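See structure below.
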Amino acid sequence: NRSRFPVFHCNTALTAKEEWSKSLPLADAARWLGLQTKDALDLVDRRELKLSYGQRDGNPEDWRLERQSLAVFFQAIDRQLELYHDDPRDLICLYTAFYRLAWSGLDIPTLLKGIADGVLPGYKLGPSLDCLTRVYFLEPIVPELLDLIFAQRGWIRGFAFTLQKGLKLGVIDWWMRRGLLEPVAKFRYMQYFDVQSIERVAAEYPLWGWLK
């Protein structure tokens, strides 16, 4: 019966339209989140956001992102944010914190994932968060965000280790000059070490003269 064909095509078109409405182009998805497009692209690469249409190794301009994955990621961050009741001038926003730490290679997706995982302390200024641009950090602790993130990798800053153990900072250089210890990462004046390695060296070699 030929009359059935228009119905079939209409149903197919309706289904396709419904599926299409469940996704957003990459640029629109970034705007919905309140992020730059390159940061949304990085979140797709890290599988924090899901592709609804397009090839992962294809042209990102053809990508459509699943609306539900956007909402899930957004809500995961919102749930971890603490409402800030004090002077908002104590805070700096997400992108300002990123620019302050850009020399270390830290990026926006890493900061956001750190909040979502409960590793980094984040704040908001109202009960509801309307975009991720309005995620904030306490300005005085921004340099410590690196320590918190690298702690998840099993790294510790040399200075922090000496504070914990009550040692003089020079002991780190002493160990390194003798080939007992090597940093796993170095940024400007900050050196990070594998926690197990530095603990082992501290346990195996005498610390006389290095105690504060």
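Looking only at the range 25-47, which residues are polar (S, T, N, Q) and in a loop (DSSP other than H, G, I, E, B)? Reasoning before the result, please.
The first filter runs over the range 25-47 and keeps only residues polar (S, T, N, Q), leaving 36-37.
Matches in the range 25-47: Gln36 only.
Taking residues in the range 132-152 that are farther than 26 Å from Val72 by Cα, and partners anywhere that are of a type in the set (Ser, Thr, Tyr) and surrounded by 15 or more Cβ atoms within 10 Å (Cβ to Cβ), the pairs with Cβ atoms closer than 9 Å and at least 6 places apart or on different chains are Asp147/Tyr192.
Scanning the range 139-152 for residues that are open to solvent by 20 Å² or more (accessible area, probe 1.4 Å) and either touching a strand residue (DSSP E or B) at 6+ places or on another chain (Cβ under 7 Å) or in a helix (DSSP H, G or I) (or both) returns Glu139, Pro140, Ile141, Pro143, Glu144, Asp147, Leu148, Ala151. With respect to (1) part of a helix (DSSP H, G or I); (2) touching a helix residue (DSSP H, G or I) at 6+ places or on another chain (Cβ under 9 Å); (3) surrounded by fewer than 17 Cβ atoms within 10 Å (Cβ to Cβ), the lone exception for Pro109 is condition (3).
For the range 93-105, check the following and say yes or no: at least one residue is open to solvent by less than 20 Å² (accessible area, probe 1.4 Å), touching a strand residue (DSSP E or B) at 6+ places or on another chain (Cβ under 9 Å) and in contact (Cβ under 8 Å) with a residue 60 or more places away in the chain. First the steps, then the outcome.
Residues of the range 93-105 that are open to solvent by less than 20 Å² (accessible area, probe 1.4 Å), as a first pass: 94, 97, 101, 104.
Next cut, touching a strand residue (DSSP E or B) at 6+ places or on another chain (Cβ under 9 Å) only: 94, 97, 104.
Those left that are additionally in contact (Cβ under 8 Å) with a residue 60 or more places away in the chain: 104.
Taking every residue of the range 93-105 in turn, at least one turns out to be open to solvent by less than 20 Å² (accessible area, probe 1.4 Å), touching a strand residue (DSSP E or B) at 6+ places or on another chain (Cβ under 9 Å) and in contact (Cβ under 8 Å) with a residue 60 or more places away in the chain.
Looking across the range 121-138, the residues that are open to solvent by 10 Å² or more (accessible area, probe 1.4 Å) and either modelled with pLDDT of 95 or more or in contact with a strand residue (DSSP E or B) (Cβ under 9 Å, 6 or more places away or on another chain) (or both) come down to Pro121, Tyr123, Lys124, Leu125, Gly126, Pro127, Thr133, Arg134, Tyr136, Leu138.
In the range 184-200, the residues that are over 10 Å from Gly158 (Cβ atoms) form Cβ pairs under 6 Å with partners that are of a type in the set (A, V, I, L, M) and open to solvent by 10 Å² or more (accessible area, probe 1.4 Å), at six or more places apart or across chains, as follows: Asp194/Val184; Val195/Ile156.
Of everything in the range 163-212, what is among the hydrophobic types (A, V, I, L, M, F, W, C) and loosely packed, with under 12 Cβ neighbours inside 10 Å? Give them in sequence order. Reasoning before the result, please.
Applying the first criterion (among the hydrophobic types (A, V, I, L, M, F, W, C)) to the range 163-212 yields 163, 167, 169, 171-172, 174-176, 180-181, 184-185, 187, 190, 193, 195, 198, 201-203, 207-208, 210-211.
Passing the criteria: Ala203, Trp208, Leu211.
Out of all the residues in the range 153-162, which are surrounded by fewer than 18 Cβ atoms within 10 Å (Cβ to Cβ) and in contact with an Asp or Glu (Cβ under 7 Å, 6 or more places away or on another chain)? Gly154, Ala160 - these are the residues of the range 153-162 that are surrounded by fewer than 18 Cβ atoms within 10 Å (Cβ to Cβ) and in contact with an Asp or Glu (Cβ under 7 Å, 6 or more places away or on another chain). Among residues of the range 155-184 being more than 32 Å from the chain's Cα centre (by Cα) and of a type in the set (Phe, Trp, Tyr), the one that is farthest from Glu204 (Cα to Cα) is Trp174.
The values are calculated or read from the model by the stated rules, or taken from the named source; none is laboratory data. Bear in mind the structure is a predicted one, so any value in this text is a computation, not a measurement. FYI the Cβ positions are ideal-geometry reconstructions off the backbone, even for glycines, and counts take in every protein chain you see. Accessible surface is based on the protein model in full, side chains and every heavy atom, while ligands, DNA and RNA are left aside. Shrake-Rupley method; radii C 1.70, N 1.55, O 1.52, S 1.80 Å.
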